[in-house]
Amino acid sequence: MNGKLILNQLSQYQPGKQIEDVKKEYNLSHIVKLASNENPFGYSSKVEEQLMGMKHSFNVYPDGYTTNLRASLAKKLHVMDNQLIFGSGSDEIVQMLCRAYLYPGVNTIMATPTFPQYRHNALVEGAVVTEIPTVNGYHDLEAMLHAIDSETKIIWLCSPNNPTGSIIPKDALYDFLNRCPKHVLVVLDEAYYEYIDQELDPEAINLITKHPNLIVLRTFSKAYGLAGLRVGYGVSNENTISNLNVVRGPFNTTSLTQQAAIIALEDQEFIQNSIKKNKEIKQDLQHYLDELGWNYYDSQTNFLLISTPISGDDTFQYLLERGFIVRSGEGLGCPNTIRLTIGSEDDMEQIKTLLGKLHKETSKEI
Ligand SMILES: *Cc1c(COP(=O)(O)O)cnc(C)c1O
């Protein structure tokens, strides 16, 4: 039996290298993974402390309405319970959005490069994908607006953008929302929201009342450090949420995950501390790259997209053999770059040394 025709043209997600495999292959005792923008400082210590003391009933299905986490989050964000949807990571919400709104004959617009799951899921649903190149890593909002037609169903804004790290300026976002036709659902993916400098925060959730065609996606996977538990959420108008609930699996977040997220949400000190350290370590790395004369994109996140003197794949390999797993930009649509997650202070000191060595070796060749 054949599946949809498009399945022959798409392939499964290629996971980053696994630490144990790399250790064996290159005979290394210590490996640092800086490839998936996870929080190098882990997650709130309260999560494990409190989960240990709780009574768990793993034989029983989870609360499919995510009642308690929903209430905590609604209170924190000042929205109504029915304006929230939860997913097994915001990845699953991307999938739900495509399933609910896209089908053959309609189209969807996104930046390139951007988060690859938008394109992938849109193609699975048979929609036409229009990709608008970024300019210095920033969304070209004018060109995106220009690409809209009567069959456009979803427009994806990733801000800050993965893999470039750049944020859509507030005023540009407001202007975009004012001009975007109401028949187009605007998905604003803020997976790196917590890392945004306060003065650049568009406070997008406050825009939901004025713009019923806006949905904001956020996640517990990045700053909150709970990538392994899989939980993300969307905030929107209650009608959009209601549409998404039709395609949502009934028990799509686990009971353990729901409990962990509530605890993590309460420990804002951990988040503030992670953000502060990320910023300091990122600035230090940027100064070092400036000294080397290497370019990098503006970043409001916990990663940097860095231009490399040799190909992204070769830089990846150079670092891999020396104990660091990063993302080559080649596969992300960014030739001669790597995407590097900001790690701990120690990890970054070592990475700086390696980048310095690579710089020397490659300058000699010229
Ligand atoms: C990491 C990431 C996500 C997905 O996170 P989940 O773990 O599925 O919540 C979504 N969008 C962007 C831009 C990301 O970088």
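If you take every DSSP beta bridge fully contained in the chain, what fraction is antiparallel? Give it as a percent rounded to 5. Intermediate values should be presented prior to the final figure.
On the way: 18 of 38 bridges.
So the antiparallel bridges amount to about 45 percent of the total.
Net charge near N82, counting Lys/Arg +1 and Asp/Glu -1 over other residues with Cβ under 12 Å of its Cβ? Show your work: numbers first, answer last.
Working: positive: R70; negative: D81, E238.
After counting each charged neighbour, the total is -1.
Dipole magnitude for region 188-256: about 420 debye, using +1 per Lys or Arg Cβ and -1 per Asp or Glu Cβ, origin at the Cα centre.
Reported to the nearest whole Å, the Cα centre-to-centre distance from region 1-70 to region 254-284 is 16.
So which lysines pass the test for K33, namely a Cα distance under 17 Å, with those fewer than 8 places away in the same chain ruled out? By straight Cα distance, K33 reaches K17, K23, K24, K222, K282, K352. The apolar share of the surface of the chain, taken as the fraction of accessible area on carbon and sulfur atoms (1.4 Å probe, ligands and nucleic acids excluded), comes to 50 percent.
Region 302-366 and region 76-106 have Cα centres separated by 35 Å. Accessible surface calculations at 1.4 Å, restricted to protein heavy atoms, place the chain at 48 Å² per residue.
By the scheme Lys and Arg +1, Asp and Glu -1, what is the net charge of all other residues having a beta-carbon under 14 Å from that of T108? List each step's numbers first, then the result.
Working: positive: R99, R119, K153; negative: E125, E131, D149, E151, D189.
Charge balance near T108 sits at -2.
Let me make sure I get this right: for region 8-134, a, b and c are the square roots of the gyration tensor eigenvalues over alpha carbons, sorted descending. Under 1.5 in a/c it's rounded, otherwise prolate if a/b > b/c, else oblate. Which is it? Write down the numbers at each step before the final one.
Details: a/c = 2.07, a/b = 1.09, b/c = 1.90.
Oblate, because a/c is 1.5 or more while a/b does not exceed b/c.
For R230, the solvent-accessible surface with a 1.4 Å probe is about 80 Å², rounded to the nearest 10. Using the Karplus relation 6.51 cos²θ - 1.76 cosθ + 1.60 with θ = phi - 60°, the per-residue 3J(HN,Hα) values for region 333-341 come to x, 10, x, 6, 9, 10, 9, 10, 6 Hz, with x marking Gly and Pro. Given the options T315, T209, T66, state which has the largest fluctuation in a GNM of the chain using a 10 Å cut-off (strictly under) for Cα springs. Between T315, T209, T66, it is T209 that shows the largest mean-square fluctuation.
Please give the net charge around S72, taking every other residue with its beta carbon less than 15 angstrom from that of S72, where Lys and Arg add +1 and Asp and Glu add -1. If you can, show how the numbers build up before the last one.
Numbers: positive: K46, R70, K75, K76, R218; negative: D63, D81, E266, D267.
Summing Lys/Arg as +1 and Asp/Glu as -1 gives +1.
The values are calculated or read from the model by the stated rules, or taken from the named source; none is laboratory data. Predicted, not measured: the structure shown is a model, and the values here were computed from it. With ideal geometry, Cβ positions are generated from the backbone for all residues, glycine too; neighbour counts draw on all protein chains shown. Only protein heavy atoms, including side chains, enter the accessible area calculation; ligands, DNA and RNA are left aside. Shrake-Rupley method; radii C 1.70, N 1.55, O 1.52, S 1.80 Å.
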